[in-house]
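Okay, so here's the structure we're looking at.
The values are calculated or read from the model by the stated rules, or taken from the named source; none is laboratory data. Treat the numbers as computed from the prediction; the structure is a model and nothing was measured. In this analysis, Cβ positions are derived from the backbone assuming ideal geometry, glycine residues included, and neighbour counts consider all displayed protein chains.
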């Protein structure tokens, strides 16, 4: 049997209430009031599609040995790099090793399901035992646009394989056509769309039913056979029409998370699937349909194994664990939409030396340290000479991944002098559980959340952006938390 | 077995520029200001100087690399000149080079200089540069010096279970004391008297440090000419001579940064350098025997924990001693009689030599009565360069014959 072995959704902690946007910009485009209900999830200043894909991927792989993964697929329309495989950065942060297949999927917000299909077919072809698809998006609409209101930031990850399958993959049906409702040219930062009536009436209302009809015919099914039908569509009226025309019961349709996160692009069908799986029962048939220049429809059947699937971080936890971003200008600043003064300290050159990064890639991407084979001391950064003053053995080290170890705070501060777009810079010394330490940035917290001795978990984040060379550099940060979503 | 350089080196003369925002002056002007005073004090001529060392930290905004800048500025006649850099201990490193040169017998007379031109950086504080190498820059947080040192306070509070309010009170007194002493010093950068309330209420730079917990970012130069006791006796017969009693440096081993024993509430390097310095100088009870201190108060909290690392205050007792006035100018062991880094200023490469300059002049009773430390016998200088988790500590003890 081939199917889903694990899943996770990730919504960033921050929420921007849509009325905050409307209060700031409604004067320019009063019609945005139509979409001004609820919150949109927004990436923190140090998050992007790669870090959110990693966050979802790590939650998905929690409890599984990442070295058993045969393929890592990354789906997004907001990849930080056009050339430099983004999926390799994701795979590195997942500690999946380098003898894997990695690929970036993009070009459409249905790329998440396309990547998932590729992962299923990778396993079906016997190319590997497990494959993980991580999807995330961080799309931008222009100030006061409809897109700014409905788009949200988030990620989702699905691991597929042949063992411990909680939802068996039964088949798919795809439509691919050059139906242009949204587009972004190769050098465009912002989404551009055609008339909304066109998107709604000819896009969602025609293509989604076509895909559902197609898969039902292909596998001789009725829509009534499905316990859940999962499709993204942020037009309330269009959803109502689709549901009516297909004769769907209210309980059959998966919530589109519009009020909680907004439409998270390539991640959205998978994020909704993760939500659906949280409530699924053995025997449930699930129909997942993506939308974007066509549709992918995937059909799953939930197995008994879902009962053994450990209780883990849920999408609903992400919805609960949130903080409001009260200042709309802060959002614009973080997305690079305002010409801000960062001060001369912030102008310091950030050339990334790629040969150095290559030599140290495991310490950087996978937070890999070393453990001394002589005395057992775990240490970070990786050492060749054991740091234990009573040992000092040379070149007697084995690698150890520290990202999932957790740790505790030994000192901290909040720094108003450090340059950045999210002052104060909050950082401190963190001891890894089991040994080793690192002076680290803290994120997703305030000074009040810090205390000597408090536990932390680690999260992969943007360390700096070299705007001069259009390069994002990533490293790990610590999040203070009594509840640790990721453990070894 | 080697026993160090106690009593093998005499400070023949010293000079120190006015510290501050010297907008009109280059590094060379500052060096020349210190040099003229130093040469006159030593009573020698340029041709008598056989070798020179110059300490400088941020070469990219001041003197560049190598020894040429000092040699060119003073037109030293083709003698060996070496630029040394060891963070904030750079000035003391230059002094160490000169001391070792005469103690070894290689030269009779050597010069040690330190200089820094910080006010050409273009913004407040020190520049953000990869001081621990390129890899460290990728792995380290978006940190500044005040943020790194501020963590001593949270770690100290955690270790000794002292409320942050008490620490804040103690470090406020430290800054107040430095300002009191600085007002009396015509060479100091910051010479204004300020109240403890002003200090305590100053805006946060890095929790729990406020603006007045941070030392001045200054331009300046300081210099020393050293020789052997034999040569000194000939050049300055029947005069008091100031001798080097101990000169020690300790550098972090990486234990603080990568091993889990250090708790972040003090400096392993200072503890080690102090032990060795006291042994070299023959000091058994530093609290009783050391007459005055010039320590590295880059931030007030650094001074506080250093009082314990130097074994002057017992562990956990520094806040009490500070608040009791033990380190005030009229206290038992005056600390920063010249205003310290806080108010004299901190031109990094010059600071070690500036401290030695203060101790030297105190021991020779050259200051006006209101600035003098009572009955000084031994004075200690201390530099701490880098950050608490990886740093260089230098300690020098000077005494009269």
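Of everything in the stretch B:42-69, what is buried (at least 20 other Cβ atoms within 10 Å of the Cβ), outside any loop (DSSP other than H, G, I, E, B) and either modelled with pLDDT under 95 or within 21 Å of the chain's Cα centre (by Cα) (or both)? Give them in sequence order.
Result: B:52, B:53, B:54, B:55.
Quick test of your reading of the structure: residue B:105 fulfils all but one of (1) part of a loop (DSSP other than H, G, I, E, B); (2) modelled with pLDDT of 95 or more; (3) over 30 Å from residue B:5 (Cα atoms). Name the failing condition by number.
Answer for residue B:105: the failing condition is (3).
Can you tell me which residue in the stretch B:119-149 is nearest to the chain's Cα centre (by Cα), limited to those that are under 12 Å from residue B:205 (Cβ atoms) and part of a loop (DSSP other than H, G, I, E, B)?
Among residues in the stretch B:119-149 that are under 12 Å from residue B:205 (Cβ atoms) and part of a loop (DSSP other than H, G, I, E, B), the one nearest to the chain's Cα centre (by Cα) is B:125.
Output yes when any residue across the stretch A:439-446 is within 13 Å of another protein chain (Cβ to nearest Cβ), more than 24 Å from residue B:262 (Cβ to Cβ) and surrounded by fewer than 19 Cβ atoms within 10 Å (Cβ to Cβ), and no when none is.
yes
Look at residue B:188 and say whether it is more than 11 Å from chain A (Cβ to nearest Cβ), under 24 Å from the mean Cα position of the chain (by Cα), at pLDDT 95 or above and under 20 Å from residue B:125 (Cα atoms).
yes
I'd like the residue in the stretch A:420-437 that is more than 7 Å from chain B (Cβ to nearest Cβ) and in contact with a helix residue (DSSP H, G or I) (Cβ under 7 Å, 6 or more places away or on another chain) and, out of all such residues, is nearest to residue B:261 (Cα to Cα).
The qualifying residue nearest to residue B:261 (Cα to Cα) is A:426.
Restricting attention to the stretch A:251-270, does a residue exist that is more than 28 Å from residue A:51 (Cα to Cα), in contact (Cβ under 8 Å) with a residue 12 or more places away in the chain and assigned by TED's automatic domain parsing to the domain that holds residue A:179?
Yes; the residues of the stretch A:251-270 include at least one that is more than 28 Å from residue A:51 (Cα to Cα), in contact (Cβ under 8 Å) with a residue 12 or more places away in the chain and assigned by TED's automatic domain parsing to the domain that holds residue A:179.
State the number of residues belonging to the stretch B:181-206 that are touching a helix residue (DSSP H, G or I) at 6+ places or on another chain (Cβ under 6 Å) and closer than 14 Å to residue A:414 by Cα.
So the count comes out to 3.
With respect to residue B:398, is the statement that it is more than 30 Å from residue A:438 (Cβ to Cβ), in a helix (DSSP H, G or I), touching a helix residue (DSSP H, G or I) at 6+ places or on another chain (Cβ under 6 Å) and away from chain A (no Cβ under 14 Å) true? Give the derivation first.
Numbers: more than 30 Å from residue A:438 (Cβ to Cβ): yes; in a helix (DSSP H, G or I): no; touching a helix residue (DSSP H, G or I) at 6+ places or on another chain (Cβ under 6 Å): yes; away from chain A (no Cβ under 14 Å): yes.
Against the criterion (more than 30 Å from residue A:438 (Cβ to Cβ), in a helix (DSSP H, G or I), touching a helix residue (DSSP H, G or I) at 6+ places or on another chain (Cβ under 6 Å) and away from chain A (no Cβ under 14 Å)), residue B:398 does not qualify.
Just to be sure I understand, how many residues within the stretch A:329-344 are part of a loop (DSSP other than H, G, I, E, B) and more than 9 Å from chain B (Cβ to nearest Cβ)?
Counting residues in the stretch A:329-344 that are part of a loop (DSSP other than H, G, I, E, B) and more than 9 Å from chain B (Cβ to nearest Cβ) gives 8.
Any idea how many residues of the stretch A:378-399 are farther than 15 Å from residue A:438 by Cβ, within 13 Å of chain B (Cβ to nearest Cβ) and in contact with a strand residue (DSSP E or B) (Cβ under 8 Å, 6 or more places away or on another chain)? Outline the logic, then answer.
Filtering the stretch A:378-399 for residues farther than 15 Å from residue A:438 by Cβ gives A:384-386, A:388-399.
Still in the running and within 13 Å of chain B (Cβ to nearest Cβ): A:384-386, A:388-392, A:397.
Among the residues that remain, those that are also in contact with a strand residue (DSSP E or B) (Cβ under 8 Å, 6 or more places away or on another chain) are: A:384-386, A:388, A:391-392, A:397.
Final tally of qualifying residues: 7.
Of (1) assigned to a loop (DSSP other than H, G, I, E, B); (2) within 14 Å of another protein chain (Cβ to nearest Cβ), residue B:193 satisfies all except one. Which?
The number of the failed condition is (2).
Which of (1) modelled with pLDDT under 95; (2) part of a helix (DSSP H, G or I) is the odd one out, the single condition residue B:260 does not satisfy?
Of (1) modelled with pLDDT under 95; (2) part of a helix (DSSP H, G or I), only one is false for residue B:260: (2).
Looking at residue B:152, is it buried (at least 23 other Cβ atoms within 10 Å of the Cβ) and either facing another protein chain (nearest Cβ under 9 Å) or outside any helix (DSSP H, G or I) (or both)?
Numbers: buried (at least 23 other Cβ atoms within 10 Å of the Cβ): yes; either facing another protein chain (nearest Cβ under 9 Å) or outside any helix (DSSP H, G or I) (or both): yes.
When the stated conditions are applied, residue B:152 passes them.
Return yes when residue A:464 is more than 7 Å from chain B (Cβ to nearest Cβ), under 25 Å from residue A:61 (Cβ atoms), in contact with a strand residue (DSSP E or B) (Cβ under 6 Å, 6 or more places away or on another chain) and crowded, with 18+ Cβ neighbours inside 10 Å and no when it is not.
So residue A:464 does not fit the description; no.
For the stretch B:243-288: of the residues being within 14 Å of chain A (Cβ to nearest Cβ) and free of Cβ contacts under 8 Å to residues at least 24 places away in the same chain, which is surrounded by the fewest Cβ atoms within 10 Å (Cβ to Cβ)?
Step by step, filter the stretch B:243-288, then rank; the result is B:261.
Could you grab me the full set of residues in the stretch B:130-144 that are out of contact with any helix residue (DSSP H, G or I) (no Cβ under 6 Å at 6 or more places or on another chain), closer than 21 Å to residue A:416 by Cα and more than 8 Å from chain A (Cβ to nearest Cβ)?
B:131, B:137
What do you reckon, is residue A:402 more than 10 Å from every other protein chain (Cβ to nearest Cβ), surrounded by 22 or more Cβ atoms within 10 Å (Cβ to Cβ) and either at positive phi or touching a strand residue (DSSP E or B) at 6+ places or on another chain (Cβ under 9 Å) (or both)? Give the derivation first.
Numbers: more than 10 Å from every other protein chain (Cβ to nearest Cβ): yes; surrounded by 22 or more Cβ atoms within 10 Å (Cβ to Cβ): yes; either at positive phi or touching a strand residue (DSSP E or B) at 6+ places or on another chain (Cβ under 9 Å) (or both): yes.
Yes: the conditions hold for residue A:402.
With respect to the numbered conditions (1) at pLDDT 95 or above; (2) part of a loop (DSSP other than H, G, I, E, B), which one is the sole condition not fulfilled by residue B:224?
That leaves (2) as the condition not met.
Search the stretch A:405-419 for residues being facing chain B (nearest Cβ under 10 Å) and in contact (Cβ under 8 Å) with a residue 40 or more places away in the chain, and hand back the single one that is surrounded by the fewest Cβ atoms within 10 Å (Cβ to Cβ).
A:419
Could you check how many residues of the stretch A:67-94 are buried (at least 22 other Cβ atoms within 10 Å of the Cβ) and more than 27 Å from residue A:230 (Cβ to Cβ)?
The total comes to 3.
Considering only the stretch A:345-373, state which residues are more than 9 Å from every other protein chain (Cβ to nearest Cβ), assigned to a loop (DSSP other than H, G, I, E, B) and modelled with pLDDT of 95 or more.
A:366, A:367, A:373
Which one is farthest from residue A:280 (Cα to Cα), of the residues in the stretch A:182-208 that are part of a loop (DSSP other than H, G, I, E, B) and within 24 Å of the chain's Cα centre (by Cα)?
Applying the filter and picking the extreme gives A:187.
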